[in-house]
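The values are calculated or read from the model by the stated rules, or taken from the named source; none is laboratory data. The structure presented is a predicted model; accordingly, all values stated were derived computationally and were not measured. With ideal geometry, Cβ positions are generated from the backbone for all residues, glycine too; neighbour counts draw on all protein chains shown.
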Amino acid sequence: MSLLLATLLPGLLLIALGGPLLVNHSGIVAALKSMPRSGNAAFLFFGAGAAWFLWNVMHLSSADFGDFRTLLTIGFAIIALLSFRCVPDFLAVRGLCALVLLAASPLLTSAYGEYQYGQRLFMVSFVYLMIALAIWLSASPFRLRDFFEWLFARPGRTRAVGGALLGYGVLLAVVAFTY
């Protein structure tokens with residue numbers, strides 16, 4: 001992945017999330033409030049995260065237990081499937097955290113060694129912040145529900161967070177074209 005694309009994609013994602021929050025769109029508010037315990041969101045986010053993780057396991061090298069990749073893939077697939085039955089609470093949040101952690105690798109890899117571009121740190125800092133947030137939320141996923149309750153308690157908060165996300169997304173989108 002190129003550094004341009006690795007910076008542009010998070011910027012566009014922030015713009016897509018920040019814009020509706022800035023205008024306090026009721027559909028986005030309802031979707032975000034219901035997302036932490038939603039079965040459909042769990043299927044989407046956890047399913048995508050599990051599929052991406054299993055794809056990575058299937059492509060392990062011999063140095064990384066690649067000789068046992070079929071056994072590992074079957075074992076992790078069983079665990080992923082049993083997660084829907086045994087631990088369905090906040091599975092969407094854990095799936096979203098898994099996707100963030102998996103997406104961080106190609107984003108950070110694209111910026112590795114590109115020291116001549118100081119502006120890459122806008123993307124890298126954001127990715128490291130998302131990694132820390134994903135680790136914290138995967139350990140206590142109910143915190144995302146609590147954050148949404150706090151965020152949507154007053155329209156001013158929603159607009160402020162939406163404006164901040166939109167602004168940083170625009171910054172990342174502009175920075176992406178400066179490499």
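Against the test of being within 26 Å of residue 177 (Cβ to Cβ) and assigned to a helix (DSSP H, G or I), the options 107, 96, 101 yield a single qualifying residue, 107.
Consider residue 80 carefully, then state whether it is surrounded by 12 or more Cβ atoms within 10 Å (Cβ to Cβ) and either touching an Asp or Glu at 6+ places or on another chain (Cβ under 9 Å) or free of Cβ contacts under 8 Å to residues at least 24 places away in the same chain (or both). Here the answer is no, as residue 80 does not meet what is asked. So which residues in the stretch 125-150 are touching a Cys at 6+ places or on another chain (Cβ under 7 Å) and over 21 Å from residue 168 (Cα atoms), if there are any at all? Of everything in the stretch 125-150, those that are touching a Cys at 6+ places or on another chain (Cβ under 7 Å) and over 21 Å from residue 168 (Cα atoms) turn out to be 137, 138. Restricted to the stretch 131-156, and to residues there that are surrounded by 14 or more Cβ atoms within 10 Å (Cβ to Cβ) and of a type in the set (Lys, Arg), the residue that is farthest from residue 32 (Cα to Cα) is 143. The residue of the stretch 52-66 that is modelled with the lowest pLDDT, among those that are surrounded by 12 or more Cβ atoms within 10 Å (Cβ to Cβ) and farther than 14 Å from residue 96 by Cβ, is 66. Any idea which of 20, 106 is in contact (Cβ under 8 Å) with a residue 12 or more places away in the chain, surrounded by fewer than 16 Cβ atoms within 10 Å (Cβ to Cβ) and of a type outside the set (A, V, I, L, M)? After applying the criteria, what remains is 106. Of all the criteria given as (1) touching a residue at least 40 places away in the same chain (Cβ under 8 Å); (2) more than 17 Å from the chain's Cα centre (by Cα); (3) within 30 Å of residue 122 (Cβ to Cβ), the one not satisfied by residue 55 is (1). Of the helices (runs of 4 or more DSSP H) lying entirely inside the stretch 1-89, those containing at least 3 residues that are among the polar types (S, T, N, Q) span 69-86.
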